[in-house]
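Written out below as structure tokens is the structure these notes cover.
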């Protein structure tokens, strides 16, 4: 299975845009609190979405260590860029995109390293 197949497979399991409005409202409230500097809001988001981000990253990357690194990257991005979340889509959609982008970036780096090793030998 190539990377694009993996991304498509993960996308098929994504929650629909018709996500429970109560959940989306709660997520938006947490983002608002995070923007206001409340550390507890970040901790809640992390606890609530850690497993989802980890599963998506592990599915795309295939290794636990890289998936854990992507989880760290994604939640650092959430913390640093919460103010860029516009709320036009569900928070989970934005989080999913951050996860896929971080995983694909890691896969590209992995491919470049492997190509570099082949050239040296």
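The values are calculated or read from the model by the stated rules, or taken from the named source; none is laboratory data. All values reported here derive from a predicted model rather than from experimental measurement. Reconstructed Cβ throughout: ideal geometry from the backbone, glycine too, with neighbour counts over all protein chains shown.
If you take the residues in the stretch 77-92 that are surrounded by 13 or more Cβ atoms within 10 Å (Cβ to Cβ) and more than 14 Å from residue 37 (Cα to Cα), which one is modelled with the lowest pLDDT? Full working, then the answer.
Filtering the stretch 77-92 for residues surrounded by 13 or more Cβ atoms within 10 Å (Cβ to Cβ) gives 77-79, 82, 85, 89-92.
Still in the list and also more than 14 Å from residue 37 (Cα to Cα): 77, 85, 89-92.
Details: 77: 97, 85: 94, 89: 91, 90: 94, 91: 95, 92: 96.
So the residue we want is 89.
The number of residues in the stretch 60-97 that are more than 11 Å from the chain's Cα centre (by Cα) and farther than 18 Å from residue 109 by Cα comes to 12.
The set of residues in the stretch 79-109 that are within 15 Å of residue 26 (Cα to Cα) and touching a residue at least 60 places away in the same chain (Cβ under 8 Å) comprises 89, 90, 91, 92, 93.
Checking the condition under 24 Å from residue 24 (Cα atoms), more than 16 Å from the chain's Cα centre (by Cα), at pLDDT 95 or above and surrounded by fewer than 16 Cβ atoms within 10 Å (Cβ to Cβ), which residue from 51, 36, 41 passes? Of 51, 36, 41, the one residue that is under 24 Å from residue 24 (Cα atoms), more than 16 Å from the chain's Cα centre (by Cα), at pLDDT 95 or above and surrounded by fewer than 16 Cβ atoms within 10 Å (Cβ to Cβ) is 36.
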